[in-house]
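All remarks here apply to the structure that follows.
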Amino acid sequence: MGKLFIEGRVPLSGTVAASGSKNSGLAIITAAILASDGRVVLENVNAGSDLQDLCEIISALGADVRWLDDTTLEIAAGTLSSSKAPYELARKLRGSTYIVGALLARVGEADVAFPGGCQIGSRPVDFHIRGFQALGADVALEHGSIRARASRLTGSRIYVERASVGTTVNLMIAGSLADGTTILENAAMEPEIVDLANFLNAMGGRVRGAGTNFVRIEGVPSLHGVRHEIIPDRIEACTYLIGGAITRGEVQVTHVIPEHFRTVLLKLEQTGAEIAETDDSVTLRASRRPVSVDIETMPHPGFPTDLHPPMVALMAVADGVSVVQETVFDNRFAYTHDLARMGASVKVDRDTAIVRGTDALTGAPVEAQDLRGGMALVLAGLAAEGTTELGGLEHVERGYVGLGDKLRGLGAHVRGGERLPILT
Ligand code: EPZ
């Protein structure tokens, strides 16, 4: 079990490059197994533990997966030898549900572990399953797995409940090799959806409307290999900017697309931070204690739920009282117990947290229980007086590649969190 040791109260200062988007990577690496002809080469891949686990799953299905360097992945899926994902690996990875859509489309059957619940809510997959059924698949939940079968998927018109990101991804993947046209109404509009659509289209797919709430997928008989660069991770990028704000430092994040996180920049400006941007970088400078702001999470282009915990850490040291409402997930506040250990005042009532800022956080032994909640504790540790010892670092490493190295590059006094070796 990894640990990160943080000596707080050191202003972050310097430049850090954003890695490739984890959530785009989960969708695109899975979609790569749709290509029956040629090789897919993916650039700007974030080699965090989630994407490495996914690579292991698709290797077990028969794809030839090779890292060409730390961020470039080559996948050849001309022949697949199995439609059953290794149970233990698939169970721990939420994004493994996408394997069901890809296998159904490519080989007509799938057996993939039901993804575990997690620390941010119950996270059912009923929307995904209803979507596969609408495309003509038989789907059963048996022995802890999703088992799906369809001799041929057929396009359909589907209303995506709650503009679910995962359901939109899965149905874009499955619909790409279906007979006829699939129409998704109320589709998710996240930048990762657009990245997936661009990838599918480059492979010979016909996806239109991605980035709006109405996506049209014309099925094609086959897809082929292609080279594609994954978009930058907007959540990671914003987390480092928040790191600048919480330590009253100056952080420049490069290799980003600022349009992907405009809502977050507006909020950070409201806290009193100065923001400057170029086409592919953003610099945040904070010379004073941040001022409290209210936040309500929403599907894109609203304020992203994945940044609610880092923002609560910022609000925990802000001047004033902040109301943070989480509307996407039903249980994303578990990390606030450990924030309280560090002296934060956070009162949670159902989907809302009231955060009373203090300038007197102190370091403490704390435990990450999920990715973004764990990162909130890291940020609080950077702002706290004394030492924070964060356990459960592996949760944070699912999404923040080389966290310790990147923080040290910004001048933070941290130990641990070296970049994970590539295993496949
Ligand atoms: C994706 O999760 C991301 N994960 C999450 O990032 C992100 O927080 C979330 O989208 C919202 O932006 C990946 O891309 C792998 P949803 P996803 O389907 O697809 C409910 C991170 O930290 N729902 O948009 O699972 C669901 O419970 C992660 O990087 C159902 O009820 O989210 C939630 O309340 C965490 N049934 C809402 O819909 C379903 O079948 C929206 O979830 C599916 C979802």
Going by what's in this entry, would Lys92 be described as over 28 Å from Gly374 (Cα atoms), more than 9 Å from the ligand (Cβ to nearest atom) and either outside the structural domain of Cys55 (by TED's automatic domain parsing) or basic (Lys, Arg) (or both)? no
Among (1) over 30 Å from Glu397 (Cβ atoms); (2) at pLDDT 95 or above; (3) not hydroxyl-bearing (Ser, Thr, Tyr) - the single one Ile99 does not satisfy: (1)
Of all residues in region 192-210 being of a type outside the set (A, V, I, L, M, F, W, C) and assigned to a helix (DSSP H, G or I), the one that is surrounded by the most Cβ atoms within 10 Å (Cβ to Cβ): Glu192
Per the filter on region 306-327, residues touching a residue at least 40 places away in the same chain (Cβ under 8 Å) and either within 14 Å of the ligand (Cβ to nearest atom) or assigned to a loop (DSSP other than H, G, I, E, B) (or both) are Asp306, Leu307, His308, Pro309, Pro310, Met311, Val317, Ala318
Can you give me the number of residues within region 211-250 that are under 30 Å from Leu104 (Cα atoms), more than 18 Å from the chain's Cα centre (by Cα) and assigned to a strand (DSSP E or B)? 10
Looking at this structure, is Leu407 in contact (Cβ under 8 Å) with a residue 60 or more places away in the chain and either touching a Pro at 6+ places or on another chain (Cβ under 6 Å) or surrounded by 23 or more Cβ atoms within 10 Å (Cβ to Cβ) (or both)? yes
Restricting region 70-84 to residues that are at pLDDT 95 or above and not polar (S, T, N, Q), the residue that is nearest to the chain's Cα centre (by Cα): Leu73
Here the residues within region 270-288 that are surrounded by fewer than 16 Cβ atoms within 10 Å (Cβ to Cβ), in a loop (DSSP other than H, G, I, E, B) and of a type in the set (S, T, N, Q) are Thr278, Ser287
Test each condition in (1) more than 15 Å from Leu184 (Cα to Cα); (2) modelled with pLDDT of 95 or more; (3) in contact with an Asp or Glu (Cβ under 9 Å, 6 or more places away or on another chain) for Ser145 and report the one that comes out false. (2)
Looking for something surrounded by fewer than 24 Cβ atoms within 10 Å (Cβ to Cβ), in the same structural domain as Lys406 (by TED's automatic domain parsing) and either modelled with pLDDT under 95 or assigned to a strand (DSSP E or B) (or both) - is there at least one such residue anywhere in region 251-265? yes
Against the condition modelled with pLDDT of 95 or more and either within 16 Å of the ligand (Cβ to nearest atom) or assigned by TED's automatic domain parsing to the domain that holds Tyr400 (or both), how does Leu26 come out, does it pass? yes
Given the conditions (1) touching a strand residue (DSSP E or B) at 6+ places or on another chain (Cβ under 7 Å); (2) of a type outside the set (A, V, I, L, M, F, W, C); (3) closer than 23 Å to Asn23 by Cα, report the number of the one that Asp279 does not fulfil. (1)
Mind listing whichever residues of region 83-94 are not aliphatic (A, V, I, L, M) and not in a loop (DSSP other than H, G, I, E, B)? Lys84, Tyr87, Glu88, Arg91, Lys92, Arg94
Taking Asp338, is it more than 25 Å from the chain's Cα centre (by Cα), away from the ligand (no atom under 16 Å from the Cβ) and modelled with pLDDT of 95 or more? no
Selected residue [over 20 Å from the mean Cα position of the chain (by Cα) and either assigned by TED's automatic domain parsing to the domain that holds Gly244 or on the phi < 0 side of the Ramachandran plot (or both)] from Arg372, Arg350, Arg398, Arg332: Arg350
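The values are calculated or read from the model by the stated rules, or taken from the named source; none is laboratory data. Keep in mind that this is a model prediction, so the values were computed, not measured. Cβ: placed from backbone, ideal geometry, glycine included. Neighbour counts: every protein chain shown.
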